[in-house]
Structures are given as structure tokens and as C-alpha cells.
Amino acid sequence: MHWVRRHILVLSTGVLLALLAAKFFYPIFAFDLPLGYDTGMYRNLFIRYAEVFPPFSLPALRPWAQEYPYGLFIVTSYFIKIGVPVDWFLGWIWSVFAVALIALIAWVFARKEGTVVGVLTLLMGLLSLAYYDGFASMYWKTFFSLFFLVLTLQLFERRSLWMIPSGAFCLLSHNQTGLILGLVLLAWWILHLPRNWRDPAFRRLTIVFAAIACLGIVWYAPIWFRAFWAPLKSVLLLRGDSAPGGGFAEPMYYVRHGTVLFFLGIGGFIASFRRERFSVWQLAVVVCAIFIVFRLVFYRRFYLQYDFFVLPYAAWMLQYLWIRFRNLGVHGALIGAILLQGYFALPGMLRWGPFADLDLLQNIEVLPQYIEDDAAIIALENQAAVWLLGWLPDYYIGGPGLFDFPNWKYAHWEKFLYGTHDDRVRLLSGIKKRPLYLMTSPFFFAHYGDFIKPFMADPCFEQVEGAPLLKVVCPPAS
């Protein structure tokens with residue numbers, strides 16, 4: 001027992017890392033497919049970037065793909081070129097990275113606030129609903145960029161010039177997380193400008209900030225409008241009900257189901273101002289909170305980063321309460337609160353599953369046997385479209401509202417599916433690509449039911465025997 005007490009922190013770290021690994025490796029053993037709606041998009045881009053040479057070359061991409069910052073894909077392309085299978089990035093590598101990101105911020109705060117806070121940060125990460133939701137949605141760019149954001153803030157506090165390449169990778173990997181970095185450094189600079197302008201070290205930091213900003217501008221120059229100006233304009237003009245929330249649960253969901261973690265984090269964050277004022281870590285929390293509270297563009301997605309940066313403050317608050325109140329009743333209540341949070345976190349994790357089934361993927365993988373090499377395929381529902389894109393990267397793929405193909409609005413799709421033969425002829429004549437196929441799926445038939453029978457019988461389509469495909473036989477407009 002004496003040995004256990006002496007090594008309790010090491011043992012606790014090992015146990016928590018094992019539990020984190022079990023949590024994030026669970027989907028690999030539970031399902032035959034990776035989690036996440038964006039899985040197909042990532043698989044497609046991993047392959048596209050790995051196909052080009054020499055290093056740092058950019059592939060010819062369709063407009064939808066140009067909106068994806070390419071820091072992540074340049075890194076993965078090197079691994080794929082040396083033989084790492086692309087599907088590993090959708091499987092065990094993705095699980096390892098999720099654990100590594102929590103371990104990184106735990107290590108940073110162990111150095112900053114003490115080993116106990118670092119160990120408890122691992123515990124907070126284990127309990128976080130928002131973090132697992134980001135993992136289950138396979139937000140590869142977000143997690144990758146967050147990794148470099150944490151490194152950049154750590155290097156910034158040490159005044160290391162390595163913050164420049166680290167900050168550049170953060171900016172070049174995810175627009176939203178790069179925006180957080182830019183706003184955090186800008187806020188820190190403004191808050192410290194009145195007192196520190198005469199300090200040579202502060203002036204050197206100003207030059208570093210300018211260098212990072214210039215790198216970001218140069219990197220995003222080819223896709224300036226779609227990657228920078230359009231999102232920035234949305235931040236300035238779209239608020240409240242007018243702002244797109246982004247594909248994440250409402251913030252109140254995480255407050256209700258993560259009450260213990262939420263209030264520990266708030267308490268620890270407020271208490272941190274007794275120890276320091278306007279550190280970059282505090283500003284990261286504030287920046288994310290502003291987007292959420294004022295419901296700025298994609299405000300739901302900012303809860304992932306907000307929750308992530310609050311984890312160490314929740315850990316600090318738990319340590320403080322444990323030390324401040326040294327009676328068994330309070331300690332028992334704290335343990336009970338943590339167990340209660342775990343009780344809510346477990347069903348939140350188990351509610352996730354793949355967005356498709358294995359049969360759909362198997363049907364997609366055999367489609368090249370039935371179609372020409374230069375064919376274009378339009379999925380008739382969005383789930384199949386994303387998986388088509390990932391597993392048939394050499395074909396021109398489209399879907400309802402996806403990948404800029406076809407360039408139809410909701411009303412056009414409504415006429416295409418529910419309209420007359422003449423409506424379909426008119427719409428299809430505007431698509432120049434031939435040969436052209438439409439892909440059906442069980443979800444498509446289940447969603448539309450009997451209403452789709454006239455569509456399936458339209459003479460513009462020819463059923464491909466043995467495949468869930470309709471070949472378009474109506475010619476394009478001359």
C-alpha cells in the first residue's frame with residue numbers, strides 16, 4: 001500500500017489513459033464502418049493529396065474541396081506515399097489522435113498547474129460529451145488544428161519561436177480553429193499593448209504575430225473568398241437566428257447532460273483570474289464563449305473548442321474543492337458527482353453509430369464493374385453521396401446539395417423527384433456529363449416510399465441489372 005500511495009499519480013495516469021483508449025477504440029470493435037458523416041469526404045481528400053507530387057503540390061480540386069484547408073492533407077499524404085493505408089486514418093490512427101490530443105493538453109497543464117491538475121484533466125476529457133461528439137463526427141481538421149493550437153499557446157508562453165511553424169499549421173488546417181488562434185493572439189496583444197509597448201520582448205512578439213498572419217494570408221490567397229472572406233463576412237453579418245449553427249448539438253444539450261463538468265469548468269475559470277489575468281488560455285475560453293453566447297456563425301461548433309479549453313479549469317476546480325473541504329461528506333459528494341457525470345456521458349457515447357451500413361459500402365465498392373471509367377454518379381440521398389465520394393474517388397460524384405453537382409436548388413430537386421417527365425428532361429438536359437448514373441439506396445426508398453414510383457418508371461432512366469443504379473438515357477442539351 002505504501003508503494004501504491006507513492007505512485008498514485010503514475011497509476012492514475014495509466015488507468016485514465018487506458019480508459020480513454022477503451023472509449024475511443026470502442027467504435028473500431030463495435031462497428032464494421034468508421035463513424036462520422038464526413039468520413040467519405042476525408043477519405044477522398046486523403047487520396048487526392050497523396051496522388052500529387054512533388055511535396056507541397058496541390059491537386060486539381062473541385063470547388064467544394066477547395067474550402068478544406070490543406071494542412072492536414074499535406075501531412076497525411078506523406079504517410080500514404082510511404083505505404084500507410086488510407087483507411088488507417090479513418091480507424092485506429094483517428095482513435096489514437098483523439099487520446100493524444102487530450103493527453104497533450106493534460107501534459108501542458110500538468111507543467112503549468114501541477115501534476116494533479118494534469119491527471120484530472122485526463123479524467124475531465126474522459127467525461128466530456130462534446131469532445132466525444134466531435135470524435136464521433138470525425139472532425140479530423142478540428143482535432144488536428146487543435147493539437148497545433150495547444151502547442152502554439154504553450155510555445156507562446158515559453159516565448160519560443162517554434163510558435164511560428166506551429167501557429168502556421170494551426171491556421172492552415174482548420175478555418176474556425178485558426179480564427180480562434182488569431183483572435184486570442186490579437187486580444188492578448190491589445191490587452192497588453194498599453195503597458196508593454198516599450199518592452200523589446202513585446203515588440204519581438206508583435207513581429208512574430210505579424211509573421212504568422214502573413215503566412216496565413218499567403219497560404220489562403222488562392223482560395224481567399226471561399227476560405228476567408230465569406231466566413232468572415234458571415235461572422236460580421238449573421239447573428240442569432242440568422243446565423244447557421246453548424247452540425248453540432250445545441251449548447252444547452254451539453255449544459256444539461258454535462259452539468260457537473262460545466263459548473264466545475266466555470267468555477268475553475270473564474271478562480272483562475274486570482275492567479276493570472278488574460279492569459280492566452282483564458283482568452284481561448286472567452287473567444288469561444290463569445291461565439292456561443294451571441295450565436296455568431298457556426299456557434300454550435302465552437303462548443304467543442306470551448307469545452308476542450310475548459311477541461312483543465314474543471315480539473316483545477318475539482319482539485320481545489322477536494323483540498324479545501326477535507327471531510328468525508330464533501331469528498332463523497334465530489335466522487336458521486338463525477339460518477340453521475342460518467343453516467344450521463346456513457347449513453348451520450350453509445351448513441352453514436354455509423355451513418356451507413358456495410359451493405360451500402362459493399363454495393364458502392366462493386367459499382368465500377370457496371371459503369372464506364374469516365375462516368376458521373378449522382379446519389380439520390382446525401383448519406384450515399386458522401387460514401388460514394390470516399391470509396392469511388394476516381395468518379396465524378398454528386399448528390400442533393402453536395403459537391404456542387406448538380407447545381408440545383410431545393411425546388412429543382414423537388415421537381416426532379418416529384419415532377420413530370422418533362423420536368424426531368426429539362427433538368428437533366430442541363431447536365432452535360434455523360435455517361436450519367438443515379439444511385440438508389442434502401443434509405444432513399446424508405447424515405448420516399450410509394451411517392452417515388454413514377455420517378456422510377458420514368459423513360460429517362462434505365463435500370464442497371466445487378467446494381468442500385470439508374471442510367472440516364474435522356475441526352476443533354478446540344
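The values are calculated or read from the model by the stated rules, or taken from the named source; none is laboratory data. All values derive from a computational prediction rather than experimental measurement. Every residue, glycine among them, receives a Cβ derived from its backbone with ideal geometry; neighbour counts consider all protein chains shown.
Remarks
- Where a residue in region 21-50 is within 18 Å of TYR132 (Cα to Cα) and its partner, wherever it lies, is β-branched (Val, Ile, Thr) and modelled with pLDDT of 95 or more, with Cβ under 6 Å and at least six apart: ALA21/VAL99; PHE24/VAL99
- Counted residues, region 66-98 - those being buried (at least 20 other Cβ atoms within 10 Å of the Cβ), part of a helix (DSSP H, G or I) and modelled with pLDDT under 90: 1
- Selection within region 15-36 - over 19 Å from the mean Cα position of the chain (by Cα) and in a loop (DSSP other than H, G, I, E, B): PHE31, ASP32
- Where TRP408 falls short, out of the listed (1) more than 26 Å from SER137 (Cβ to Cβ); (2) touching a helix residue (DSSP H, G or I) at 6+ places or on another chain (Cβ under 8 Å); (3) part of a helix (DSSP H, G or I): (3)
- Note on region 429-478: residues that are assigned by TED's automatic domain parsing to the domain that holds GLN383, more than 18 Å from GLY399 (Cβ to Cβ) and among the hydroxyl-bearing types (Ser, Thr, Tyr) total 1.
- The residues of region 327-372 include none that are under 22 Å from the mean Cα position of the chain (by Cα) and within 17 Å of LEU438 (Cα to Cα).
- Neighbours by Cβ (under 7 Å, 6+ apart or cross-chain): first from region 88-109, farther than 17 Å from SER137 by Cβ; second among the β-branched types (Val, Ile, Thr) and surrounded by fewer than 21 Cβ atoms within 10 Å (Cβ to Cβ): TRP92/ILE28
- Pairs, first over 20 Å from TYR37 (Cβ atoms) in region 347-375, second of a type in the set (Ser, Thr, Tyr) and outside any loop (DSSP other than H, G, I, E, B), C-beta under 8 Å, six or more apart: ILE371/TYR437; ALA375/TYR396; ALA375/TYR437
- Region 251-310 - residue that is surrounded by 22 or more Cβ atoms within 10 Å (Cβ to Cβ), among the aromatic types (Phe, Trp, Tyr) and part of a helix (DSSP H, G or I) and, of those, farthest from the chain's Cα centre (by Cα): TRP281
- Single residue of region 426-477 satisfying the filter (among the aliphatic types (A, V, I, L, M) and part of a helix (DSSP H, G or I)) that is farthest from GLU372 (Cα to Cα): ALA446
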